[in-house]
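J.: One structure, pasted below without further comment.
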Amino acid sequence: MEHFIPLSVPNLKGKELEYVSNAVKTEWVSTGGPYVNQFEEKIAEYLYVKGAVSCQNGTAGIHTALLVLKVNRGDEVIVPTLTFIAAVNPVNYIGAEPVFMDCDDSLCMDPRKLYKFCTEECDFVEGHLLNKLTSKIIKAIIVVHVFGNMANMEEITKIAKEFNLAIIEDATEAIGTYYTEGKFKGKYAGTIGDVGVFSFNGNKIITTGGGGMIVSNDEYILDHSKHLTTQAKSDELFYTHDEVGYNYRMTNLQAALGLAQLEQLEKFIEIKLSNYDKYKHALTNVAGLIMIDFVKVARSNKWFYSLIIDDKEYGIGRDDLIVKLNEKGIQSRPIWGLIHQQMPYKDKQSYKIEKASYYIEKVLNIPCSTNLSEADVDYVISIIKSLKKSGEI
């Protein structure tokens with residue numbers, strides 16, 4: 001294949017080689033070293049939060065967040081069904097139970113259904129939200145800012161406050177997204193709830209290869225997160241451990257890469273915004289295609305670009321289009337399988353899943369890397385248009 005355009009790959013054109021080489025030269029390649037502290041400090045500074053704790057990936061971050069928020073075995077956590085499964089699995093790690101919630105048109109958790117569930121399917125007794133169906137305590141909500149779109153945190157925080165629920169913000173796809181108006185104007189995704197978690201996987205807008213970050217404005221959460229992610233040593237010299245900890249530390253090599261990436265984040269977001277606008281302008285008038293919008297009250301990082309495919313109008317279904325695009329050297333993918341339908345979670349409670357079921361059948365993600373050239377974007381647009389127009393399909 002002469003021309004291949006991947007879906008989402010890293011952009012490593014800054015000081016990555018310089019910083020990583022320095023880590024190697026100084027032999028600080030493992031979980032000690034100055035780049036780890038620098039990366040944590042710079043992330044906290046960028047997000048205007050009290051502190052940040054690096055970890056091995058976003059999944060480890062969510063697991064740690066559940067532990068520090070004292071979600072216990074047998075408790076329940078409200079989670080989205082439309083998300084990557086890594087947002088939900090940590091609930092299972094600690095022996096808690098997920099309750100699956102629908103999305104709204106932002107693809108993020110629907111606050112109206114969330115409120116209806118809390119008021120109609122639960123009782124609020126002595127400061128605890130009790131699930132009528134299971135008689136279990138609901139302790140927390142995991143909110144995912146899907147594809148870099150900002151979930152409705154104004155409404156979700158009101159609900160959480162009313163029913164004494166902790167909020168974990170899965171901002172693994174949304175670093176750089178922030179509110180531009182409203183109650184949380186200027187607040188970044190991941191900084192509004194009790195704990196925020198970020199991912200630096202290879203397909204994210206900035207990467208450390210693999211890695212994550214826990215952020216909070218609560219000193220106890222930050223200190224306990226650091227403690228748990230570094231094997232819970234109460235005495236480092238004599239290796240005394242006061243609880244079960246985890247080897248969730250980020251390496252100095254990863255942090256060196258991340259620091260160089262963070263220096264370019266705003267530039268990367270500018271590219272994301274520009275390429276999204278090009279796609280949307282070019283595809284708006286193609287019958288059967290709708291480019292999913294991002295909420296107007298926030299500056300999104302626009303991490304992933306999503307098309308809704310109407311097979312009757314466009315003339316081809318989403319899955320067939322994936323095959324045709326691949327034949328033309330364009331990588332695309334469907335949205336994730338809904339989590340409440342996955343084998344490990346089929347017997348778990350879900351609440352009025354409707355919109356997520358619609359989007360699961362219709363959404364297609366198209367190339368969105370920050371190193372896409374203008375010619376790449378034009379090529380993707382031309383192929384999507386031609387597949388409809390030419391009758392090739």
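J.: So which chymotrypsin sites (Phe, Trp or Tyr not before Pro) in the range 1-86 are both in a DSSP loop and have at most 13 other Cβ atoms within 10 Å of their Cβ?
T.: Phe4, Tyr48
J.: Sticking with this one: In the range 144-239, which chymotrypsin sites (Phe, Trp or Tyr not before Pro) fall in coil by DSSP and have 12 or fewer other Cβ atoms within 10 Å? Walk me through the intermediate numbers first.
T.: Numbers: sites: Phe147, Phe163, Tyr178, Tyr179, Phe184, Tyr188, Phe198, Phe200, Tyr220, Phe238, Tyr239; in loops: Phe163, Phe184, Phe200, Phe238, Tyr239.
Hits after loop and neighbour filter: Phe238, Tyr239.
J.: Can I ask one more? At a Förster radius of 25 Å, what calculated FRET efficiency corresponds to the Cβ-Cβ distance of Ser382 and Asp310, to the nearest 0.05?
T.: 0.80
J.: Among Glu76, Glu45, Glu169, rank each residue by its count of other Cβ atoms within 10 Å, from fewest to most, as a rough exposure measure. Mind showing how you got there, number by number?
T.: On the way: Glu76 24, Glu45 11, Glu169 28.
So the ranking, lowest neighbour count to highest, is Glu45, Glu76, Glu169.
J.: OK, next. Between Lys280 and Val323, how many nm apart are label points set 7 Å from Cα along the C-beta direction?
T.: Spacing of the two 7 Å Cα→Cβ label points: 3.2 nm.
J.: Turning to a different aspect of this structure: Quickly estimate the mean residue ellipticity at 222 nm for the chain, helices only: each DSSP H run with n ≥ 4 gives -39500 (n - 2.57), and the total goes over all residues, rounded to 500. Can you show the working numbers first?
T.: Working: 13 runs with 139 residues, N = 393.
When only DSSP H runs of four or more count, the value is -10500 deg cm²/dmol.
J.: Using just the alpha carbons, could you tell me how many Å³ per residue the convex hull of the range 265-389 encloses? Kindly include the intermediate steps, with their values, before the conclusion.
T.: Working: hull volume 17.9 nm³, N = 125.
Output value, Cα hull per residue: 143 Å³.
J.: Using a simple charge model, +1 on the beta-carbon of Lys and Arg, -1 on the beta-carbon of Asp and Glu, nothing else, what dipole does the range 1-107 show about its Cα centre, in debye to the nearest 20? Mind showing how you got there, number by number?
T.: Details: 7 positive and 13 negative charges, 87 e Å.
With only Lys, Arg, Asp and Glu charged at Cβ, the dipole is about 420 debye.
J.: Okay, moving on. So if we plug the beta-carbon distance of Gln342 and Glu41 into 1/(1 + (r/R0)^6) with R0 = 25 Å, what FRET efficiency do we get, rounded to 0.05? Don't jump to the answer; show the numbers that get you there.
T.: Numbers: r = 38 Å, r/R0 = 1.52.
Efficiency, rounded to the nearest 0.05: 0.10.
J.: Going by how many other beta carbons lie within 10 Å of each one, how would you line up His241, His340, fewest first? Walk me through the numbers before you get to the answer.
T.: Working: His241 12, His340 25.
If I rank by nearby Cβ atoms, fewest first, I get His241, His340.
J.: Roughly speaking, what is the stretch gain from Lys25 to Leu7, that is 0.36 nm per residue apart minus the C-alpha to C-alpha distance, in nm to one decimal? Present the calculation step by step, with values, prior to reporting the outcome.
T.: Numbers: separation 18, 0.36 × 18 = 6.48 nm, distance 3.39 nm.
Using 0.36 nm per residue and subtracting the Cα-Cα distance, I get 3.1 nm.
J.: Note the listed values (1) 82, 54, 37; (2) 82, 49, 41; (3) 70, 60, 40, then indicate which one is Cα extents along the principal axes in Å calculated from this particular structure.
T.: Checked against the structure: label (3).
J.: What dipole magnitude, in Debye to the nearest 20, does the range 16-262 give about its Cα centre under +1 on Lys/Arg Cβ and -1 on Asp/Glu Cβ? Walk me through the numbers on the way to the answer.
T.: On the way: 20 positive and 32 negative charges, 23 e Å.
With Lys and Arg at +1 and Asp and Glu at -1, about 100 debye.
J.: I would also like to ask the following. Summing Lys, Arg as +1 and Asp, Glu as -1, what charge do residues with Cβ under 15 Å from the Cβ of His227 carry, His227 excluded? Don't jump to the answer; show the numbers that get you there.
T.: On the way: positive: Lys70, Lys226, Lys233, Arg249; negative: Glu40, Asp218, Glu219, Asp223, Asp235, Glu236, Asp242, Glu243.
Net charge around His227: -4.
Read-outs throughout are calculated quantities, based only on the coordinates presented, and are distinct from any laboratory measurement. Worth saying up front: this structure is predicted, and the values here are computed from it rather than measured. Here the Cβ is made from the backbone with ideal geometry for all residues, glycine too, and neighbour counts use every protein chain on show.
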